[in-house]
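Step one of this worksheet: look at the structure below.
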């Protein structure tokens, strides 16, 4: 877990001030004064880097953006009001009616609904594939394909994509690859695997305490010979000409943030930064605990789904690419809704909620909540069974979690 030690120094040092107030400053103003008309002109043209209006960002969120971009090795980032806002900003900034998305693997229910229902109303079609259907994915790319989208870990089906292999397809076909890395910050770096854009719900493990709703989009730099310079992304060319390496950020701010208004608020960004100070420590503990809990419950005969289990179809991929673990999630299939409810009612430790990545251990029956409006075919594709309970392991003693779960599952 050496990578967590590296980030322990990097993050805590980047979030504190050496002079004046140690904690980041909260700038709550909705508007900002420019001083002179010349400065105002420069701010609006982008030649002067000062706050324009809170809908386009604020100084507190700007600090969070710098830290998250550095964490992932990106050229910059945009903080948003939620994780879904981050996904919306990243995708809508590149899409127009008639375009297509290729979505791979299990998906958070909100993301699936956004692609399947909302974007389809505006003429954007999404094709869904299993993570291992690489030949079908490559064959599905057409001149209309703008985005290949995947989650670093399928939520909640726990299937792991081969991100480098999918990135190779995206780069060969000159299509943008967007990775939702909400579950695995620090654990993996999608930009290093070949992704172009990374999205987060910072509400989850990055904040870690259920106190701050937020999201973020991290962008790689646009290079001299780049797929975004091709005909597929003509709308981006004007920003490449003006902004160069940071063109994707300028494009997202002008074509999504400005008009949809999904900016983060200063208070949430401040709370998120407080959480980030301990993120490496929490990640290292929780991935160890999750693996320990999953393996022990599996040995005790429960139907556990986690890639650390040798029989999992992506166990080798887990060892190869996820040496830092794959986050807080695991699931248990109790066979029926009734047995799942009994487990949740008998557990003295879990908090029943739709959130994940909290300091506390969380659990939720999937079919009756997030996926209740999905049809049988959609549930089957996303790995949602009648007895499935998604679990997010927290910071409690893993032995206590195991004991509680075994007693509740009797």
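Things to note:
- Helix axis angle, 398-408 relative to the chain longest principal axis, alpha carbon, degrees: 60 degrees
- Cα convex hull, segment 1-135: 191 Å³ per residue, rounded to a whole number.
- Computed on the chain, with alpha-carbon pairs under 8 angstrom and 6+ residues apart, the relative contact order is 18 percent.
- Relative contact order of segment 133-284, pairs being alpha-carbon contacts under 8 Å that are 6 or more residues apart, as %: 19 percent
- The length gained on full extension between residue 121 and residue 5, counted as 0.36 nm times the residue separation minus their Cα-Cα distance, comes to 37.2 nm.
- By average C-beta atoms within 10 angstrom, highest first, the peptides 218-230, 102-114: 102-114, 218-230
- Sorting 84, 366 by the number of Cβ atoms found within 10 Å of their own Cβ, with the fewest placed first, yields 84, 366.
- Unit Cα scatterers, Debye sum, the chain: log10 I(q)/I(0) for q = 0.08, 0.10, 0.12, 0.13 Å⁻¹: -0.42, -0.67, -0.96, -1.12
- As a calculated quantity, the FRET efficiency between residue 410 and residue 171 at R0 = 41 Å, using C-beta atoms, amounts to about 0.20.
- Label separation (residue 47 vs residue 136): 5.3 nm, computed from points 7 Å beyond Cα along the C-beta direction.
- Burial ordering of 163, 319, 148, fewest other beta-carbon atoms within 10 Å first: 319, 163, 148
- Net lengthening on full extension, residue 30/residue 341 (0.36 nm per residue, minus Cα-Cα): 107.5 nm
- Exposure proxy order (Cβ contacts within 10 Å, fewest to most) of 342, 284, 399: 399, 342, 284
- Sorting the segments 123-136, 266-279 by their mean number of nearby beta carbons within 10 angstrom, highest to lowest, gives 266-279, 123-136.
- Cα-projected label distance for residue 355 with residue 96, points at 7 Å along beta-carbon direction, nm: 4.1 nm
- Counting only DSSP beta bridges with both residues in the chain, the antiparallel share comes to about 50 percent.
- R0 of 41 Å, Cβ-Cβ distance residue 369-residue 40: FRET efficiency to nearest 0.05: 0.30
- To the nearest ten degrees, helix 234-243 and the longest principal axis of the Cα atoms of the chain are 60 degrees apart.
- Whole-Å semi-axes of segment 279-408's equivalent ellipsoid (Cα gyration tensor): 22, 18, 14
- The chain: calculated mean residue ellipticity at 222 nm from DSSP helix runs of at least 4, using -39500 (n - 2.57): -11000 deg cm²/dmol
- Helix 2-15 and the long axis of the chain differ in direction by around 40°, with both axes built from C-alpha atoms.
- Dimensions of segment 79-130 along the principal axes, based on C-alpha atoms and rounded to the nearest Å, stand at 27, 25, 15, largest first.
Rule-based calculations on the coordinates, nothing more; no lab input. Note that this is a predicted model, so its numbers are computed, not measured. With ideal geometry, Cβ positions are generated from the backbone for all residues, glycine too; neighbour counts draw on all protein chains shown.
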